[in-house]
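First the structure, in the form of structure tokens, and then the observations on it.
Every number in this text was worked out from the coordinates using simple rules, so none of it is lab data. Just so you know, these numbers come straight off a predicted model, no measurement behind them. Methodologically, a virtual Cβ is constructed for each residue, glycine included, from the backbone with ideal geometry; neighbour enumeration extends over all protein chains shown.
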Amino acid sequence: MNNNARYDLSDRLIHFFRAVDTQNPNTPTLPEHWSFASIENFDEPLSPFFLMRNVVRQGRIWATWSVRSGRRTVYGPDPAVCFTEMPIAAFVEAGIARAAAGQAMSPYGLVLPKAAMFQLGARPVIYGLSGDISVTDEPSGARIIAPEQLPAHEQYRYVTYNPASARPIDWTHEREWRWPLRDAPEANPNDLPPDIENLYGLELDHEQLHGIGAIVKTTTQAEQLIYDILTKVDRGDIDENRYDFVLALDSVANVADLRDRQALQDAIDAARIDLAPYFAIKKPRAEALSEQFRKLVKSVEADADAPQAGEFGGCWLWITDNGHELTRALLRCEHVRVTKMGKYIAELYEFSDMRSLAQREDMTRELARRLKARFDVHATYLSVIPDDDPDGVPFYNGDELDDRKFYNYSDDEDDY
């Protein structure tokens, strides 16, 4: 008999996201720059889905000190990433109820295999010790428990617990686990916040982590997250099996049904990510589409005015639909690549090097119009001055700000 096969137990850990008020002094250090594909509304809290997409795109969950009332609640020398081992049904029900009550939770979460996380160093927290603890508050902000009471390398696990006090302290409902970030560099309070690429934490792209799941509210959000995952696969960050499922709650008739282990498994099976069709295009078909694409590029060059002098820089075609058959064909033939920012771009070698950047931008827009007419795929231009690096700055591209698959909005319209 498997003693773990119970409705109140889970072999998964969940890292959940909540709306973040950037003006709250308890908010962890946020990046100075989120990425060029993220659009922040400074008058509103950062939505849970915005934060989830950033984590998936960067492949990292940030480690924090979980500050409350100006004091760290993660003790010892190591910040941590927090998880709950609540079963998915309990997590979703609690997330919906607590978010509605204005508490710091939501039903948005990344689901990770417990065994893999244990191998990477995650452990269940320790709710209280046998006696009162002796704590030293250091100038850096660290709160160090006397090592004879709890070794320094285990202190990240300690959570205050006293259900018998006048004001009971009991966080056991969280069923919390933590992963410590060892030897984290201390932040200098005089430094500007780092860019998002430099925030330290748990590497989701770690080779030991497979079978990651996600829980979101809507099927639209699920499609956006799968877009991000496919981009990471195409860029070579992760393999096709890193993420296992994206469960959209609007596809579940009754969340309470997920309490049943078989019903939960059925819901997960229905939400499996199947990226295989994106890689199923046959080579002859891919080559034929690629040849048609090249002919269109040549036709734009042939129809263009005489070369004009002007600014120098790189110019590429940016195809915004990463699942379109033409995109998949050009990837297969290595005529399209994915930039660090997640843009699918094609080199336009057929355009004369004698042409100015402005002229090549106009020609690329014309190419996009012809591609729309021929293949029903949306595209625009990407240019960089004065480099030939598509990830260079400053860069320019067509106004695609309504594309919520590529752009990640902090006030996601499906969050509320």
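Assorted remarks:
- Mean projected area of the convex hull spanned by the Cα atoms of the chain, taken over all viewing directions: 24.6 nm².
- Here region 100-254 carries DSSP beta bridges of which approximately 55% are antiparallel, counting only pairs with both residues inside.
- Relative to the 2.2 N^0.38 Å rule of thumb, region 132-269 has a C-alpha radius of gyration ratio of 1.45.
- Least to most buried among D362, D388 (fewest other Cβ within 10 Å first): D388, D362
- In the calculated pair-distance distribution of region 32-147, the portion above 21 angstrom amounts to 56 percent of the Cα-Cα pairs.
- The Cα trace of region 281-409 gives Rg and Dmax of 14.2, 42 Å, the first to one decimal, the second as a whole number.
- Considering helices alone, the calculated mean residue ellipticity of the chain at 222 nm is -8000 deg cm²/dmol, with DSSP H runs of length four and up weighted by -39500 (n - 2.57) and normalised per residue.
- Computed over the alpha-carbon pairs of region 278-329, the distance histogram in 5 Å steps reads 4, 16, 17, 22, 16, 10, 9, 4, 1 percent, short to long.
- As a proxy for reagent exposure, ranking M341, M52, M86, M354 by other Cβ atoms within 10 Å from fewest up yields M354, M341, M86, M52.
- Computed over region 79-184, the range of Cα coordinates on each principal axis works out to 40, 39, 26 Å, biggest value leading.
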